1. Please tell me if Glu71 is outside the structural domain of Thr145 (by TED's automatic domain parsing), out of contact with any helix residue (DSSP H, G or I) (no Cβ under 8 Å at 6 or more places or on another chain) and at pLDDT below 95.
2. Which residues, taken from the stretch 76-96, are more than 26 Å from the chain's Cα centre (by Cα) and part of a helix (DSSP H, G or I)?
3. What pairs come up if the first residue lies in the stretch 70-84 and is free of Cβ contacts under 8 Å to residues at least 40 places away in the same chain and among the acidic types (Asp, Glu), the second is assigned to a helix (DSSP H, G or I) and surrounded by 11 or more Cβ atoms within 10 Å (Cβ to Cβ), and their beta carbons are under 6 Å apart, counting only those six or more places apart or on different chains?
4. Just wondering, is there one or more residues in the stretch 214-233 that are out of contact with any strand residue (DSSP E or B) (no Cβ under 8 Å at 6 or more places or on another chain), under 22 Å from Leu114 (Cα atoms) and surrounded by fewer than 22 Cβ atoms within 10 Å (Cβ to Cβ)?
5. With the structure loaded, tell me whether Gly180 is touching a helix residue (DSSP H, G or I) at 6+ places or on another chain (Cβ under 8 Å) and either assigned to a loop (DSSP other than H, G, I, E, B) or of a type in the set (S, T, N, Q) (or both) or whether it fails that test.
6. Is it fair to say Val196 is closer than 19 Å to Leu106 by Cβ and among the β-branched types (Val, Ile, Thr)?
7. Within the stretch 122-140, track down each residue that is touching a residue at least 40 places away in the same chain (Cβ under 8 Å) and part of a helix (DSSP H, G or I).
8. Kindly indicate which of Ser256, Ser272 is touching a Ser or Thr at 6+ places or on another chain (Cβ under 6 Å), farther than 25 Å from Gly180 by Cβ, in contact (Cβ under 8 Å) with a residue 12 or more places away in the chain and surrounded by 15 or more Cβ atoms within 10 Å (Cβ to Cβ).
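The values are calculated or read from the model by the stated rules, or taken from the named source; none is laboratory data. Because the structure is predicted, anything quoted here is derived from the model rather than measured. All Cβ positions, even for glycine, are placed from backbone atoms using ideal geometry, and neighbour counts span all protein chains on display.
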Amino acid sequence: MDARVEGPTTSRSDPSAVGELDERFAEILVGHWRPQMAALPSKGDVTKLVDDILALLFPQHAADAAISVGEAAARLAGVRAEIGRVLCAVVTRGRSLELAERFMTLLPGIYEHLLADAEAIAAGDPAAESLDEVIVAYPGFLAITVHRIAHGLHRLGTPILPRLLAEIAHTRTGIDIHPGATIGRSVSIDHGTGVVIGESAVIGDEVKIYQGVTLGALSVSKSAVGAKRHPTIEDRVVLYANATVLGGETRVGHDSVIGGNVWLTTSVPPRSFVHNVSETRVRSASDLLESSEYSI
C-alpha cells in the first residue's frame, strides 16, 4: 500500500505562493517570540561555566600543570563573576551578585563531598586504575560533580540555571539527576547510562548505583508539585542495573541490596535483599537441534 503525506497545496513552481506561506509562518513565530525568551542564559555560557568550575576544582580538567594560591584566588573570583553574569539574564543585577556570593560560600563543602565521591568510586571499582582516571574520565563522577553544583544553586532558589546545568550533565553522560535531589557522601554511579533520579529523591551515604536505575514517582500528576514523590535510599544501599524504585513513601533500608531489573514500589527494611526469581536453563546444542522447542 502506498503511503502518502499530505502537505500544503502550494506548487513548487509558484515562488510567490511559497514566499507568502513563509511570511505567514514567520508572523506566527514572531508572535510566540516573547522578549524575555532572549534573556535566558545561553547554553554556551552555562557550558563554559561548568568547564571553568571543573578546571578550578580539579587540575585534571585544566591546562595548567600547577597554579599558585594567588592564581587560584583569582580564578575563584572569576567564577563568582561568571555566575553573576549568567544569572543577570533571569534576575536583577543585585540578586545575581547575592546568589553568586552565597554559592561561593557553599563551594568548599561541595569540593569536600566531591573528593569523597571520587575516592569511593576509585575504591569500589576494580577497573579504576587511579583517582585521576576517575576524576577525568568517569561519567558517573562528572554527573555527580555537576549535580552538586546545581543542587547548591537550587537550594539558594536560583531560577533556571540549575536545570540547565543538569541538562549539560545529562547530555554528556546519559545520567539525568534533578537538581532538587539530595545526595549524601561517598556516592558512586558506576557506568551510569540511563540513570534517572527525581527531584525529591533522597540518597544516603556510600550508596552505589549502577546503569539504568530509576528513582522515580508513582504519579506524574501536576497536582503533586511540592510533594515528596520520589523514594528515599538509606546509607550503604546497592542498586543494581535497571532497578526501578518508585514513590515518595518508598524507603529502602540501610545496607540493602536491590537486584537488577527489580520493580519496587513498597518500602523494605534494613539489610534486605530484593531480587527477581527467574529460571535459567542450560542445554547442549545437540539437544536443541533434536527438540521441537525453539525460542526466537
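1. Values: outside the structural domain of Thr145 (by TED's automatic domain parsing): no; out of contact with any helix residue (DSSP H, G or I) (no Cβ under 8 Å at 6 or more places or on another chain): yes; at pLDDT below 95: yes.
For Glu71, the condition - outside the structural domain of Thr145 (by TED's automatic domain parsing), out of contact with any helix residue (DSSP H, G or I) (no Cβ under 8 Å at 6 or more places or on another chain) and at pLDDT below 95 - is not met.
2. The initial filter retains those residues of the stretch 76-96 that are more than 26 Å from the chain's Cα centre (by Cα), namely 77, 92-95.
Ala77, Arg93, Gly94, Arg95, listed by residue number.
3. That search, which allows pairs on different chains as well, returns Glu82/Leu49.
4. The answer is no; no qualifying residue exists.
5. Values: touching a helix residue (DSSP H, G or I) at 6+ places or on another chain (Cβ under 8 Å): yes; either assigned to a loop (DSSP other than H, G, I, E, B) or of a type in the set (S, T, N, Q) (or both): yes.
When the stated conditions are applied, Gly180 passes them.
6. Working: closer than 19 Å to Leu106 by Cβ: no; among the β-branched types (Val, Ile, Thr): yes.
Taking the combined requirement at face value, the residue does not satisfy it.
7. Within the stretch 122-140, Gly124, Asp132, Ile135, Val136, Pro139, Gly140 qualify.
8. Numbers: Ser256 fails: farther than 25 Å from Gly180 by Cβ.
Step by step, each of Ser256, Ser272 is checked, and only Ser272 is touching a Ser or Thr at 6+ places or on another chain (Cβ under 6 Å), farther than 25 Å from Gly180 by Cβ, in contact (Cβ under 8 Å) with a residue 12 or more places away in the chain and surrounded by 15 or more Cβ atoms within 10 Å (Cβ to Cβ).
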